[in-house]
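The values are calculated or read from the model by the stated rules, or taken from the named source; none is laboratory data. Only a predicted model underlies this, so the values are computations on that prediction, with no experimental measurement involved. Neighbour counts run over all protein chains shown; Cβ positions are idealised from the backbone, glycine included.
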């Protein structure tokens, strides 16, 4: 029996990176509709801010994005970036840095390939003060 390749295809890495970059643009612009298109409906968000645990369903997270002033509308420079991408088969993780709104967020997105599209199924993050 042939084992599946553990080396991601360049097309997969490009598609995954594209989702991560679209996520960062959506956050920067405060575009909840664009973000919703990137997440699986059952996605969840976990993290901590100042040592306090944070949990939201994707619906609640998107409501928060829609209800706040975006970094772009506040005139903040775009400093967000993709740090790394790792993929194996139909799963992937992306590490990102998203400094904005007075926070220094470091986060991971977990993606899953389903029906030919990469979708975010989980977001975890932490605000680091240093």
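A few points about this structure:
- Where residue 63 falls short, out of the listed (1) closer than 22 Å to residue 18 by Cα; (2) in contact with a helix residue (DSSP H, G or I) (Cβ under 8 Å, 6 or more places away or on another chain): (1)
- Check on residue 96, under 14 Å from residue 45 (Cα atoms), in contact with a strand residue (DSSP E or B) (Cβ under 8 Å, 6 or more places away or on another chain) and buried (at least 19 other Cβ atoms within 10 Å of the Cβ): no
- Residue 123 within 14 Å of residue 19 (Cβ to Cβ) and in contact with a helix residue (DSSP H, G or I) (Cβ under 9 Å, 6 or more places away or on another chain): yes
- Test set (1) under 24 Å from residue 86 (Cβ atoms); (2) more than 13 Å from the chain's Cα centre (by Cα) - residue 66 fails condition number: (1)
- Listed conditions (1) within 20 Å of residue 47 (Cβ to Cβ); (2) at pLDDT 95 or above; (3) buried (at least 16 other Cβ atoms within 10 Å of the Cβ) are all met by residue 84, apart from (3).
- Candidate set from the range 105-130 (those that are within 19 Å of residue 48 (Cα to Cα) and loosely packed, with under 14 Cβ neighbours inside 10 Å); member that is modelled with the lowest pLDDT: 130
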